[in-house]
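The values are calculated or read from the model by the stated rules, or taken from the named source; none is laboratory data. Small disclaimer: the values here were computed from a predicted structure and weren't measured. Counting neighbours? That spans all protein chains shown, and the Cβs are built from the backbone with ideal geometry, glycine included. SASA here: full protein model, heavy atoms, side chains in, ligands and nucleic acids out. Shrake-Rupley method; radii C 1.70, N 1.55, O 1.52, S 1.80 Å.
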Amino acid sequence: EELWPLPERAEPVLSEDVSWLVTRLLRGVVTHGSGRRLKSLTAKVIGKTGTSNEGRDAWFVGATPRLVFGVWVGYDHPVSLGKKEAGGRTAAPIARSFLEGLTMDHGAWPAMPEGVVRRVVDEGTGLLAREGQGGLVSYFLKGTEPTELSPLSDEGEGEGLFLGGED
């Protein structure tokens with residue numbers, strides 16, 4: 001069920017592949033970045049935190065498959081929120097509280113489209129990680145992924161650690 005009807009002639013601005021990659025990047029903000037205070041929610045939230053110069057404003061703009069929302073924290077006049085206040089610390093918990101209070105079905109994000117490929121890359125070189133070398137799970141538009149293997153090194157051999165996960 002649609003919350004609000006879309007305009008009849010809405011046309012996509014991004015391709016399905018690019019849209020999926022952007023969604024994946026914004027999911028990373030929540031799973032491994034400054035928005036991680038929302039990571040444990042049932043809804044698969046994506047988002048971006050932000051803090052203005054001198055800590056005057058903090059924000060979190062996010063989405064679930066069926067909802068887009070934003071949280072801003074600041075004053076009507078230029079005053080710092082405090083030394084340690086930032087989007088992930090100040091606005092993200094408010095977003096979390098808001099989402100916890102909703103009873104709606106948030107839906108699911110689309111599956112990875114055929115035009116996107118998953119690869120494990122060496123963090124230092126950006127090249128394909130060798131078996132047992134460890135690496136970072138990364139996604140690419142098909143045809144832009146690295147094809148060359150990372151050089152052999154003594155570091156990390158046999159660890160089998162893959163960072164990035166499948167969340």
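Quick rundown of the values:
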read-out	value
Heavy-atom accessible area per residue - the chain, 1.4 Å, Å²	67
Potential extension, Lys84-Leu14 segment - 0.36 nm per residue separation minus Cα distance	21.6 nm
The chain: angle of helix 16-32 to the longest principal axis, Cα-based, in degrees nearest 10	80
Inter-site label distance for Thr42 and His77 at 7 Å from Cα along Cβ, in nm	4.5
Nitroxide proxy distance, nm - points 7 Å out along Cα→Cβ at Glu114 and Leu152	3.9
GNM result for the chain, Cα springs below 10 Å: residue of Arg66, Arg37, Arg24 fluctuating most strongly	Arg66
Most mobile of Val116, Val79, Val13 in a GNM of the chain (Cα contacts under 10 Å)	Val13
Ranking by accessible area, most exposed first, for Ser138, Ser40 with a 1.4 Å probe	Ser40, Ser138
FRET E, pair Ile94, Leu25, Förster distance 30 Å, beta-carbon r, rounded to 0.05	0.85
Accessible area of region 1-131 belonging to carbon and sulfur atoms, whole % at 1.4 Å probe	53
Of all DSSP beta bridges in region 1-149, antiparallel share, percent nearest 5	95
Among (1) 182; (2) 171; (3) 159, the entry derived from the coordinates for volume of the Cα convex hull per residue in Å³	(2)
Anchor Lys84: lysines whose Cα lies under 28 Å away (excluding residues fewer than 8 positions away in-chain)	Lys39, Lys44, Lys48
Cα-only radius of gyration and Dmax that characterise region 34-97, units Å	11.8, 36
